[in-house]
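Visitor: Have a look at this one before I ask anything.
Computed from the coordinates by the stated procedures, all read-outs in this text should not be read as laboratory data. Treat the numbers as computed from the prediction; the structure is a model and nothing was measured. Cβ: placed from backbone, ideal geometry, glycine included. Neighbour counts: every protein chain shown.
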């Protein structure tokens, strides 16, 4: 099963929509969002694409109630406080905005940890745990919007970047 990984979208609707399009083309049916949507309208590209979404709140989500209401009523998505642990196909996953908020033993008790906050793409392993930061979908800090696709069966990560001139700030 392939899932999309996205974080730090910060209301950049065109980038969110393009990543969702690329993820669907790659066979993704579910997106995991590691926080900092910012406003409820940033969920629209996911809603329009009819993809499943599980996400956590970040530090810059000002209207959490509005995000929660839109997610639940518009397309049945689930947004949780960070961190959030769950299983998909016997794979234990932790979704967290800032990995610095999580104890090392909690990280170690998961197969995969997806986080955001730093706005930088990163993939590493700590013991048997795969830790992935898909980067900043907004591109506001580093100039290149980024996301990722994760194959849950193989733990292979494909990083996505929007590098064309139309994405530069």
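Visitor: Taking springs between alpha-carbon atoms closer than 10 angstrom, which of 88, 13, 99 fluctuates most in the Gaussian network model of the chain?
Guide: Evaluated over the chain, the most mobile residue of the options is 88.
Visitor: Then there is this: What is the mean projected area of the alpha carbon convex hull for the range 1-70, to one decimal in square nanometres?
Guide: Approximately 4.0 nm², given one-decimal rounding.
Visitor: At R0 = 30 Å, how high is the FRET efficiency between residue 125 and residue 161 if r is their beta carbon distance? Nearest 0.05 is fine. Walk me through the numbers before you get to the answer.
Guide: Values: r = 22 Å, r/R0 = 0.73.
The formula returns an efficiency of 0.85 here.
Visitor: Mind checking Rg over Rh on the chain, alpha carbons, Kirkwood formula for Rh? Intermediate values should be presented prior to the final figure.
Guide: Values: Rg = 14.4 Å, Rh = 15.5 Å.
Rounded to two decimals, Rg/Rh equals 0.93.
Visitor: Considering only DSSP beta bridges whose two residues both sit in the range 90-151, what percent are antiparallel, to the nearest 5?
Guide: Values: 5 of 12 bridges.
Roughly 40 percent of the beta bridges in the range 90-151 run antiparallel, per DSSP.
Visitor: Which of these, 147, 26, 71, has the largest mean-square fluctuation under a Gaussian network model of the chain (Cα springs below 10 Å)?
Guide: Of 147, 26, 71, the Gaussian network model singles out 26 as fluctuating most.
Visitor: From Cα pairs below 8 angstrom and at least 6 apart in sequence, can you work out the relative contact order of the range 2-167, rounded to a whole percent? Walk me through the numbers on the way to the answer.
Guide: Details: 401 pairs, mean separation 39.0, N = 166.
For the range 2-167, the relative contact order is 24 percent.
Visitor: Based solely on its DSSP helices, what 222 nm [θ] is calculated for the chain when runs of n ≥ 4 H residues each add -39,500 (n - 2.57) and the sum is averaged over all residues, nearest 500 deg cm²/dmol? Could the numbers behind the result be given before it?
Guide: Numbers: 4 runs with 36 residues, N = 169.
Calculated from helices alone, the mean residue ellipticity at 222 nm is -6000 deg cm²/dmol.
Visitor: Then there is this: Using 0.36 nm times the number of residues separating residue 44 and residue 1, minus their current alpha carbon distance, what extension gain do you get?
Guide: Working: separation 43, 0.36 × 43 = 15.48 nm, distance 2.39 nm.
Result: 13.1 nm gained on full extension.
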